[in-house]
Amino acid sequence: MIDRDGLAEFLRRRRVALQPEDVGLTRGPRRRTEGLRREEVAVLCHMSTDYYARLERATGPHPSEQMIAAIAQGLHLTLDERDHLFRLAGHQPPLRDTTSEHISPGLLRILDRLTDTPAEIVTELGETLRQTPLGVAVLGDASLRTGPARSLGYRWFTEPAVRAAYSADEQHQLSRVYASGLRELVARRGPQSRAAAMVSLLQDNHLFREVWDTHEVGPRPTEVKRFHHPSVGQLELACQTLLDPDQSHRLLVYTAEPGTESHEKLQLLAVLGTDAFAT
């Protein structure tokens, strides 16, 4: 059963405890609000202000598991706090394993501060969970992808456009990298894992089978990654990775060497924003 009063009080306490800087927002010079405003939390949680406000007043509807997950992420809750929130709302907390898409507050705090840098948080299967604005401008809006296509490894084998910016030799090398990484995940997570399910989906793909049947493990991606942007052309970006070992989420930060053509293109994309990707 939902504990409406307990849920309302917990939400209020967590909202007041957060400051704009904690969630990547700018503090105005005349701000007097203690913590975050309800409308700010609503935006972070991708819901209407009225819906969120009614939850805080203990007069709202019974929120779904999807709504509670969105609130837990928007309020930057820890896993313990997330689980408590689920129980207050009358739901069983999600499993704590590598299938979880709840991002740790630590990774979110870092991502929120990378306002002038392309960066993203991805799962071990290469599914993008969160992007910086410049990350969207460079890589496209990952929230538009659904199903298996959320995984970069899956898209690599099934979408020729993803491979188009690479030479034949580079395509073969990267195919080896993605197949090898998937094989290692299957061995680590087991035959009932999401990694194993992805292998099953790719079994009829000739390109995938060509490298999968070699049973190769060990190839790793290079530090410098190449992207073909529809507006500014080719970008060569170094990729640094920060790992959350508890959930195997990775924060990927992309940078260009100062003075290079790619650096100039990044500066241009920072001005043009996501409109550049749509042209």
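Counting just the residues of the range 84-96 that are part of a loop (DSSP other than H, G, I, E, B) and touching a residue at least 12 places away in the same chain (Cβ under 8 Å), which one comes out farthest from the chain's Cα centre (by Cα)?
Keep residues of the range 84-96 that are part of a loop (DSSP other than H, G, I, E, B), which gives 89-96.
Then drop every residue that is not touching a residue at least 12 places away in the same chain (Cβ under 8 Å), which leaves 89-91, 94, 96.
Numbers: 89: 25, 90: 27, 91: 24, 94: 18, 96: 17 Å.
Among residues in the range 84-96 that are part of a loop (DSSP other than H, G, I, E, B) and touching a residue at least 12 places away in the same chain (Cβ under 8 Å), the one farthest from the chain's Cα centre (by Cα) is 90.
Which residue is surrounded by the most Cβ atoms within 10 Å (Cβ to Cβ), if the candidates are limited to the range 1-43 and must be among the aliphatic types (A, V, I, L, M) and not in a helix (DSSP H, G or I)?
Step by step, filter the range 1-43, then rank; the result is 36.
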Please indicate, with yes or no, whether at least one residue in the range 73-93 is loosely packed, with under 14 Cβ neighbours inside 10 Å and closer than 19 Å to residue 20 by Cα.
yes
Checking the condition modelled with pLDDT of 95 or more, more than 16 Å from residue 112 (Cβ to Cβ) and among the small types (Gly, Ala, Ser), which residue from 28, 6 passes?
6
If you go through the range 103-121 one residue at a time, do you hit one that is under 15 Å from residue 198 (Cα atoms) and crowded, with 17+ Cβ neighbours inside 10 Å?
no
Of the listed residues (232, 211, 199, 217), the one being modelled with pLDDT of 90 or more, in contact with a helix residue (DSSP H, G or I) (Cβ under 9 Å, 6 or more places away or on another chain) and loosely packed, with under 14 Cβ neighbours inside 10 Å is 217
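Just to check your reading of the model, which residue among 42, 70, 53 is over 20 Å from residue 112 (Cα atoms) and of a type in the set (A, V, I, L, M)? Spell out the reasoning first.
Numbers: 42 fails: over 20 Å from residue 112 (Cα atoms); 70 fails: over 20 Å from residue 112 (Cα atoms).
When all the criteria are applied, what remains is 53.
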Please report, ordered by residue number, the strands (runs of 3 or more DSSP E) entirely within the range 188-263 with at least 1 residues that are over 23 Å from the mean Cα position of the chain (by Cα).
233-244
In the range 44-65, which residues are surrounded by fewer than 17 Cβ atoms within 10 Å (Cβ to Cβ) and under 25 Å from residue 101 (Cβ atoms)?
46, 48, 49, 51, 61, 62, 64, 65
Conditions: (1) in a helix (DSSP H, G or I); (2) more than 23 Å from residue 107 (Cα to Cα). Residue 185 meets all but one. Number of the miss?
(2)
Give me the residue from the range 136-182 that is in a loop (DSSP other than H, G, I, E, B) and within 23 Å of residue 233 (Cα to Cα) and, out of that set, modelled with the lowest pLDDT.
165
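So, residue 106, is that one of a type outside the set (A, V, I, L, M, F, W, C), in contact (Cβ under 8 Å) with a residue 12 or more places away in the chain and in contact with a helix residue (DSSP H, G or I) (Cβ under 9 Å, 6 or more places away or on another chain) or not?
Working: of a type outside the set (A, V, I, L, M, F, W, C): yes; in contact (Cβ under 8 Å) with a residue 12 or more places away in the chain: yes; in contact with a helix residue (DSSP H, G or I) (Cβ under 9 Å, 6 or more places away or on another chain): no.
Spelling it out, it is not the case that residue 106 is of a type outside the set (A, V, I, L, M, F, W, C), in contact (Cβ under 8 Å) with a residue 12 or more places away in the chain and in contact with a helix residue (DSSP H, G or I) (Cβ under 9 Å, 6 or more places away or on another chain).
The values are calculated or read from the model by the stated rules, or taken from the named source; none is laboratory data. Note that the coordinates shown come from a computational prediction; the quantities given were computed from them, not determined experimentally. With ideal geometry, Cβ positions are generated from the backbone for all residues, glycine too; neighbour counts draw on all protein chains shown.
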